[in-house]
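One structure is given here, and the rest of the page talks about it.
The values are calculated or read from the model by the stated rules, or taken from the named source; none is laboratory data. What you see is a predicted model, and the numbers here were worked out from it, not measured in a lab. When we count neighbours, we look across all protein chains shown, and the Cβ atoms used for this are built from the backbone with ideal geometry, even at glycine. Note: areas computed on protein heavy atoms with side chains; ligands, DNA, RNA excluded. Shrake-Rupley method; radii C 1.70, N 1.55, O 1.52, S 1.80 Å.
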Amino acid sequence: MSRRVIGNALIAYALNQAWGNRARTIGPDILPPVKAALADPGSEVHETAITTLLEYEEWDYQWQTSPPLIVLDTRTRRWRSERNAHNPSGLLDWEAATDLQTHLKGKDAVLLVSAAPIFGVKLIETVQKMFTLAGKPLTVDAEYWMAHSGTASAILNVFGHRGTPQHFVILSGDVHYSFVYDVELRQTAPSLSGATDDGPKIWQICSSGIKNKWPDKLIKILDRGNRWAFSPRSPLNWFTKRRGMRVIPRKPVGTPHGRRILNASGIGLVELDETGAPVDIHQVLPDGSLVSFERREAEARDD
């Protein structure tokens, strides 16, 4: 039954969204079996269509905008945990990360769409990790990039590759709160001349969601706790470093002192310059007002 439920969900997604995302590829690949399934539901051809969609690996797509937009498939190309089947899977497996690196080669800037933020709120990820260690990952929806060491290493290697774009704008959602981090990578791989250059500039922009948000009191505690626990001078920050990154938070203008997370429904609005770097980052609230995100250089931390 679960196979049929998931298969029918993929059929609905294929027809109502994926087909429009990548019409030239997805249309010819999946429309014939899906059409046959809809004509004879519950039959053998229905099962054949589900098998086709469960094995399909072309849900990601690119739009040749300027800069180009690349949308990752973090749902069907996951990296299962080798240690424990109950642990969170990596959001992207090794082969998909290698494909991504190939797509990025030769580009100066890119808009990278990841459902979950690649660089998330550290305290919330720590809470998710604790629940995972206790065997309860689903209690806190522990789906984040750093939950799987293989995926974390793969995506950070993509950013650190010498042929990577110099400007990454990562657009995310999924977590039901909004925030912005500027991320700078240092000491990337040496160039052909043997010199090491500063890594690319990365903007992690998370806008979520249109209607859902966290309880205000809970997100306030987590927001302030994250700032205290992982401040530049915090010993805890030294023990939880990833690798060679400098993270600069942005404050939602107009929020109370110490807040870096915006707990408000809305739509993200980002304006880019000719190099693909963000000029202005805003959240459009339901009443039409704009909340801008201000870079806080003095709060930068090594990660």
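Can you work out the Karplus-derived ³J(HN,Hα) for every residue in the range 39-47? Use 6.51 cos²θ - 1.76 cosθ + 1.60 with θ = phi - 60°, whole Hz, and x for glycine or proline.
6, 9, x, x, 8, 5, 5, 5, 5
Determine the relative contact order of the range 60-210: mean sequence separation of Cα pairs under 8 Å and six or more apart, normalised by residue count, in whole percent.
RCO, the range 60-210: 24 percent.
Taking the Cα centre of the range 64-154 as origin and charging only Cβ (+1 Lys, Arg; -1 Asp, Glu), how large is the dipole, in debye to the nearest 20?
On the way: 10 positive and 9 negative charges, 33 e Å.
Magnitude of the dipole: close to 160 debye.
Report, in debye and to the nearest 20, how large the dipole of the chain comes out about its Cα centre when Lys and Arg carry +1 and Asp and Glu carry -1 on their Cβ.
It comes to approximately 1180 debye.
Put +1 on the Cβ of every Lys and Arg and -1 on every Asp and Glu Cβ in the range 244-303; which of Leu269, Gly288, Ile248 then has its Cα farthest towards the positive end of the dipole?
Positive-end residue among those listed: Ile248.
Solvent-accessible area per residue for the range 70-114 at a 1.4 Å probe radius, Å²?
On the way: 2480 Å² over 45 residues.
Value returned for the range 70-114: 55 Å² of accessible area per residue.
Between beta-carbons, use under 10 Å as the cut-off and find the net charge around Asp182, counting Lys and Arg +1, Asp and Glu -1. Walk me through the numbers on the way to the answer.
Working: positive: Lys201, Arg246, Arg250, Arg295, Arg296; negative: Glu184, Glu297.
Computed value for this residue: +3.
Once you list every other residue whose beta carbon is under 13 Å from the beta carbon of Gln64, what net charge do they have if Lys and Arg are +1 and Asp and Glu are -1?
The answer is +3.
Using Cα springs under 10 Å in a Gaussian network model of the chain, which residue among Val158, Val45, Val140 shows the largest mean-square fluctuation?
Among Val158, Val45, Val140, the largest GNM mean-square fluctuation belongs to Val45.
What translational D, rounded to a whole number of µm²/s, comes out for the range 1-94 from Stokes-Einstein when the hydrodynamic radius is the Kirkwood one over Cα pairs, at 25 °C and 0.890 mPa s?
The calculation lands on 167 µm²/s.
Given the pairs Lys136/Lys220; Lys105/Lys211; Lys129/Lys251; Lys107/Lys251, which are separated by over 32 angstrom at their Cα positions?
Cα-Cα > 32 Å for Lys105/Lys211; rest within.
Just want the answer: with Cβ charges of +1 for Lys and Arg and -1 for Asp and Glu, which residue in Phe230, Tyr56, Leu138 is farthest toward the dipole's positive end in the chain?
The one lying farthest along the dipole's positive direction is Phe230.
Would you kindly state the longest site-free stretch of the chain, with sites defined as trypsin sites (Lys or Arg not before Pro) in a DSSP loop (not H, G, I, E, B) surrounded by at most 15 other Cβ atoms within 10 Å?
Between exposed loop sites, the widest span is 1-74.
Roughly speaking, to the nearest percent, how much of the range 104-144's 1.4 Å accessible area is carbon and sulfur? Don't skip to the end; give the middle numbers.
Numbers: 1230 of 1970 Å².
About 63 percent, which is the carbon plus sulfur part of the accessible surface.
The list (i) 6, 24, 29, 23, 15, 4, 0; (ii) 5, 20, 25, 24, 16, 7, 2, 1, 0; (iii) 6, 24, 33, 25, 10, 2, 0 gives values of P(r) over Cα pairs in 10 Å bins from 0, in percent, and only one came from this structure; which label was calculated from it?
So the calculated entry is the one marked (iii).
Could you tell me the center-to-center distance, by alpha carbons, between the range 96-129 and the range 45-80 in angstrom?
16 Å
Can you sort His148, His257, His282, His103 by solvent-accessible area, 1.4 Å probe, largest first?
If we order His148, His257, His282, His103 from most to least accessible, we get His257, His103, His282, His148.
I need the per residue convex hull volume for the range 92-147, using only the alpha carbons, in cubic angstrom as a whole number.
On the way: hull volume 5.1 nm³, N = 56.
Hull volume normalised by residue count: 90 Å³.
With a 1.4 Å probe and every protein chain left in place, work out the accessible area per residue of the range 205-303 in Å², rounded to a whole number.
56 Å²
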